[in-house]
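Have a look at the structure below, then the notes.
We did not get these values from a lab; they are worked out from the coordinates using the rules stated. Remember, predicted model here, so these are calculated numbers, not experimental data. Don't worry about glycine lacking a Cβ; one is built from the backbone with ideal geometry, like all the others, and counts go over all protein chains shown.
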Amino acid sequence: MNRQMMKFGAILCLVAMVAFCIWPVWQYLSVRIASAELQRRTEALVEKQPQLKVAWKIALLDGVLTQQEAKEIIEGAGEKMEPQ
């Protein structure tokens with residue numbers, strides 16, 4: 001194995017390690033969890049309008065209600081969501 005191939009392999013390994021280290025940080029920054037108030041508001045809308053229960057169950061498959069999921073449910077109920 002020559003020196004050029006070793007450099008290429010080392011750079012490739014470094015890039016892969018950086019990508020694996022950055023992935024959890026990216027997930028944390030890109031997904032915002034809905035506040036408790038927003039979650040209560042969404043749950044109240046779901047209780048009033050049973051057709052939203054399917055969207056509610058899908059949103060909670062991972063156990064966390066995100067702001068985007070809450071926004072979709074609220075807009076599905078015909079209401080506007082205040083910017084946060």
Can you give the angle from 0 to 90° between the axis of helix 36-48 and the longest principal axis of the chain, with both taken from C-alpha atoms, to the nearest 10?
50 degrees
Could you tell me the calculated FRET efficiency between Glu75 and Tyr28, based on Cβ-Cβ distance and R0 = 22 angstrom, to the nearest 0.05?
0.30
Out of Pro50, Gln67, Phe8 - ranked by how far each Cα lies towards the positive end of the dipole of the chain, with unit charges on the beta-carbon of charged residues - the top one is Phe8
Can you work out the PRE-style zone for Ala36? Point 7 Å along Cα to Cβ, and I want the residues of the stretch 53-80 with backbone N under 18 Å.
64-67
If I model the chain as equal point scatterers sitting on the Cα atoms and use the Debye formula, what is log10 I(q)/I(0) at q = 0.13, 0.15 Å⁻¹?
-0.54, -0.62
Could you compute how fast the stretch 36-76 diffuses translationally, taking Rh as the Kirkwood radius over C-alpha pairs and applying Stokes-Einstein at 20 °C with viscosity 1.002 mPa s? Give it in µm² per second.
217 µm²/s
Per residue of the chain, what 222 nm ellipticity follows from adding -39500 (n - 2.57) for every DSSP H run with n ≥ 4, rounded to the nearest 500?
-22500 deg cm²/dmol
In degrees, nearest 10, the alpha-carbon axis of helix 67-76 is tilted away from the dominant principal axis of the alpha carbons of the chain by 30 degrees
